[in-house]
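K.L.:
The following block contains the structure, expressed as structure tokens.
None of the figures in this text is laboratory data; all of them are computed from the coordinates on show. Since the model is a prediction, treat every value here as computed from it, not as a measurement. No Cβ is skipped: glycine too gets one built from the backbone with ideal geometry, and neighbour counts run over all protein chains shown.
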Amino acid sequence: MFEFKDLTNDNEFNASDYRLNSREFFEKRRTSKRPYVYDLRSSEAYELENIPGSHNLPIEHFETSIYQMP
């Protein structure tokens, strides 16, 4: 089963290590009990199109909001 890594103490975080292509994303979403998907684009881009059930969190607010995430 896929588990997300705790990144709170990772000094060598590399975002590219956590990117998924569309096939990988939808497989993980399909097999997860309760996936929580964040869309880090601007609110305007999110309003134009988004993945149903995703939550918009613009990247400029990500760092200040990371500890409030479920």
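K.L.:
Of Y46, Y67, Y38, Y18, how do they rank once you tally other Cβ atoms within 10 Å and put the fewest first?
P.N.:
Values: Y46 17, Y67 7, Y38 14, Y18 10.
Fewest-to-most Cβ neighbours within 10 Å comes out as Y67, Y18, Y38, Y46.
K.L.:
Rule-of-thumb check for segment 15-68: C-alpha Rg over 2.2 N^0.38 Å?
P.N.:
Dividing the Cα Rg of segment 15-68 by 2.2 N^0.38 Å gives 1.20.
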